[in-house]
Amino acid sequence: MYSLNTQLAYFNNDAVLKKLVVNITWLKLMSLNSRTIKLQAFSKMELDQLLVFIDQNRLNFPGNYFIEEKKEEITEAVLRKETAKHILPHYFILSTNQNIQSAGPFYKKMKINLTNDTYTEAIDYLLSFAVAGKIEIYREAK
C-alpha cells in the first residue's frame, strides 16, 4: 500500500484560486460526507495508474514525486466545522463523480479541476477511482 506526494499547479475550484503551487499527499478517496473523509492507501495497480496520469499531465504535477509505503490501509479524518485560518481547504479532491460538491473556500474539502496554463481549458480526470490530496505546503507560483 502506498501514498504519493506531488506538487500541484494549474487547477481551479469554487474559490477560483490561481497561481498557486501546493505540495500534496494523495490517497484514494473511499467515502466522503459533510463530517468525515475516509481515505485508503493505493494498491500497486492504482498507484501505477495514477503515475501514468501524472506523467501525461506534467504541467499540473511539476517537479518530482515521492512514493511512500503505508502500513495503514484506511485513514478516517473528522472534518470539523471550525473556521479555516486560510483560504485553502485541508483536502483537494479529483474525481469523475459530479455529486461531490464544495460550498466555498472555507470548507475542509474541495473538488478541483485541472486546467491548462491559462486556466481556461479543463483537463479531464479519467481514472476509475477518486483521489484526495491533503495539502501540506503552498506558495504562489511565479
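The values are calculated or read from the model by the stated rules, or taken from the named source; none is laboratory data. Note that the structure is predicted; figures quoted are calculated from it, not measured. Virtual Cβ from ideal backbone geometry, glycine too; neighbours counted across all protein chains shown. Side chains included, ligands, DNA and RNA excluded: accessible areas come from the protein's heavy atoms. Shrake-Rupley method; radii C 1.70, N 1.55, O 1.52, S 1.80 Å.
Scanning the range 31-48 for residues that are buried (at least 16 other Cβ atoms within 10 Å of the Cβ) and either modelled with pLDDT of 95 or more or of a type outside the set (Val, Ile, Thr) (or both) yields Leu32, Lys38, Leu39, Gln40, Ala41, Phe42, Glu46, Leu47. Scanning the range 104-118 for residues that are at pLDDT 80 or above and open to solvent by 40 Å² or more (accessible area, probe 1.4 Å) yields Asn113, Asp117, Thr118. A count restricted to the range 119-142 and to residues that are modelled with pLDDT of 80 or more, touching a strand residue (DSSP E or B) at 6+ places or on another chain (Cβ under 7 Å) and outside any strand (DSSP E or B) stands at 5.
Of everything in the range 60-71 that's over 20 Å from Ser95 (Cβ atoms), in contact (Cβ under 8 Å) with a residue 60 or more places away in the chain and not aromatic (Phe, Trp, Tyr), which residue is least open to solvent (accessible area, probe 1.4 Å)? Only one residue fits best here, namely Lys70. Residues in the range 49-59 that are under 14 Å from Leu126 (Cβ atoms) and either touching a residue at least 24 places away in the same chain (Cβ under 8 Å) or surrounded by 14 or more Cβ atoms within 10 Å (Cβ to Cβ) (or both): Gln49, Leu50, Phe53, Ile54, Asn57. Residues in the range 1-30 that are under 13 Å from the mean Cα position of the chain (by Cα) and modelled with pLDDT under 85: Phe11, Asn12, Asn13, Val21, Val22.
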